[in-house]
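Accompanying notes for the structure given below.
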Amino acid sequence: MIRTVLMGAALSMAAGLALAQAPLNQNPPAQTVICLDVGGQSLPAVCRAPSSRLDKREDICVCHAGARVDVPICPEGVRPPPETRAYEKARKAAARDGSLIGDLYEGRPMCVAGRLD
């Protein structure tokens with residue numbers, strides 16, 4: 001009897017948690033990967049992503065050239081800084097730790113545009 005009650009409670013909790021999850025299109029990834037050459041210029045990363053337009057995750061990203069750097073995806077309404085020589089120098093210096101997360105350029109986040117739908 002007690003087992004049945006505990007099992008029912010566990011199942012109802014699990015169902016409640018499943019219903020509470022946000023849809024995939026409302027929960028895009030917060031970061032991705034870029035590749036930087038020695039001068040700070042962005043090189044293309046090769047990322048494997050699901051074929052779904054709703055699921056914007058990227059599973060594995062590889063840099064065939066340059067250094068692999070984690071970078072945040074710009075929030076809605078924020079544009080990435082323009083690719084100027086001054087920005088490339090600042091990005092190169094900021095990426096020494098392998099990440100641009102939390103780094104700013106002229107008061108704006110060093111971020112990249114997200115994957116298009």
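The values are calculated or read from the model by the stated rules, or taken from the named source; none is laboratory data. These figures come from a predicted structure and were not determined experimentally. Because the Cβ atoms are built from the backbone with ideal geometry, glycine has one as well, and the counts that use them run over all protein chains shown. Only protein heavy atoms, including side chains, enter the accessible area calculation; ligands, DNA and RNA are left aside. Shrake-Rupley method; radii C 1.70, N 1.55, O 1.52, S 1.80 Å.
Sorted by average packing, counted as other Cβ atoms within 10 angstrom per residue and highest first, what order do 70-82, 31-43 take?
Highest-to-lowest ranking by the protection proxy: 31-43, 70-82.
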Considering only protein heavy atoms and a probe of 1.4 Å, how much of the accessible area of segment 55-104 is carbon and sulfur, as a whole percent? 52 percent
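Hey, can you rank 90-97, 101-108 by average C-beta count inside 10 Å, highest first?
In decreasing order of mean packing, 90-97, 101-108 become 90-97, 101-108.
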Inter-probe distance in nm under a simple model that places probes 7 Å from Cα toward Cβ, at E88 and A65: 1.3 nm
For L100, what charge total do you get from the other residues with a beta carbon under 13 Å from its beta carbon, if Lys and Arg give +1 and Asp and Glu give -1? +1
